[in-house]
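The values are calculated or read from the model by the stated rules, or taken from the named source; none is laboratory data. Model, not experiment: these values are computed from the prediction. Every residue, glycine among them, receives a Cβ derived from its backbone with ideal geometry; neighbour counts consider all protein chains shown. Quick note on the areas: whole protein, heavy atoms, side chains included, nothing else; ligands and nucleic acids left out. Shrake-Rupley method; radii C 1.70, N 1.55, O 1.52, S 1.80 Å.
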Amino acid sequence: MKHLFQITWKLAPVFLLLLVGSAVTAFGQGPKLQMDQLDFLANKASDTVDVKLDERLMATTAKFFSGKDDADIKEVLKGIKGIYVKSFTFEKVGEYSPADVDSIMSQLRGSTWSKVVSVKSRKDGENVEVYLNMLGDQITGLAVLSIEPKEFTIVNIVGPSTLRN
């Protein structure tokens, strides 16, 4: 029994690290997707779009809408914390792999993300999926993936939006 107690105390730091690591990983699966791991695809793509509008830039953008007619636009922009887009167009089919897509899809498998739209074309090989990140009844993020044989696009909008009647 004494031996078992000593082993347990020696393993306690390992269990603590695993617990903290799990909490950090779960926290990291928030509404902002990590897309920088796809940057290498720009070297293979014929066309690339990369948009990074963080919270600071969104606040600056909202200031441009100061007229009375712009109140609705300004209200929508006020809640948005960021807009992030990566789009790659390729000359040939197969220049990006399913593993590249999975690096994003794995983030969307978290407990706070829900797929709300899925459109698939077997004929053209085109897929579009829309995901919402929810915290209670509040939408905290949106992700749209467009997966085509020669094009791969991710749009990620981060920011709260309450579902109302």
(request) Calculate how large, on average over all directions, the projected area of the Cα convex hull of the stretch 54-115 is; give the answer in nm² to one decimal. (result) 6.9
(message) Apply the Karplus curve 6.51 cos²θ - 1.76 cosθ + 1.60, θ = phi - 60°, to the phi angles in the stretch 58-67 and return the couplings in whole Hz, x for Gly and Pro.
(response) 5, 5, 5, 4, 4, 5, 5, 9, 10, x
(message) Using a Förster radius of 35 Å, what is the FRET efficiency between ASP137 and ASP70 based on their Cβ-Cβ separation? Nearest 0.05, please.
(response) 0.80
(message) Explain nothing, just the number: relative contact order of the stretch 98-165, from Cα pairs under 8 Å at least 6 residues apart, as a whole percent.
(response) 22
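Per residue, how many Å² of accessible area does the stretch 82-165 show with a 1.4 Å probe? List each step's numbers first, then the result.
Details: 4580 Å² over 84 residues.
For the stretch 82-165, the per-residue accessible area is 54 Å².
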(request) Using DSSP to define loop residues, name the trypsin sites (Lys or Arg not before Pro) in the stretch 90-165 whose beta-carbon has at most 13 other beta-carbon atoms within 10 Å. (result) LYS92, ARG109, ARG122, LYS123, ARG164
(request) Under 15 Å from the Cβ of ILE147, count the other residues' Cβ atoms, weight Lys and Arg +1, Asp and Glu -1, and hand me the total. (result) -2
(request) Return the sequence-ordered ³J(HN,Hα) values of the stretch 140-145 in whole Hz as given by the Karplus equation 6.51 cos²θ - 1.76 cosθ + 1.60 applied to θ = phi - 60°, using x for Gly and Pro. (result) 10, x, 9, 9, 10, 10
(request) Could you run the Karplus curve 6.51 cos²θ - 1.76 cosθ + 1.60 with θ = phi - 60° over the stretch 146-157 and give me ³J(HN,Hα) per residue in whole Hz, x for Gly and Pro? (result) 10, 10, 10, x, 10, 8, 9, 10, 10, 10, 10, 10
(request) Name the long-range amide H neighbours of GLU126: under 5 Å, sequence gap of 5 or more, or other chain; modelled H, no Pro or chain starts. (result) SER121
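Ignoring ligands, DNA and RNA, please state the percent of accessible area on the stretch 34-149 from carbon and sulfur, probe 1.4 Å.
The C+S portion of the solvent-accessible surface of the stretch 34-149 is 55 percent.
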(request) Between beta-carbons, use under 14 Å as the cut-off and find the net charge around GLY82, counting Lys and Arg +1, Asp and Glu -1. (result) +2
(request) Pull out a ≥ b ≥ c, the square roots of the eigenvalues of the alpha-carbon gyration tensor of the stretch 35-165, then state rounded if a/c is under 1.5, prolate if not and a/b is larger than b/c, and oblate in the remaining case. (result) prolate
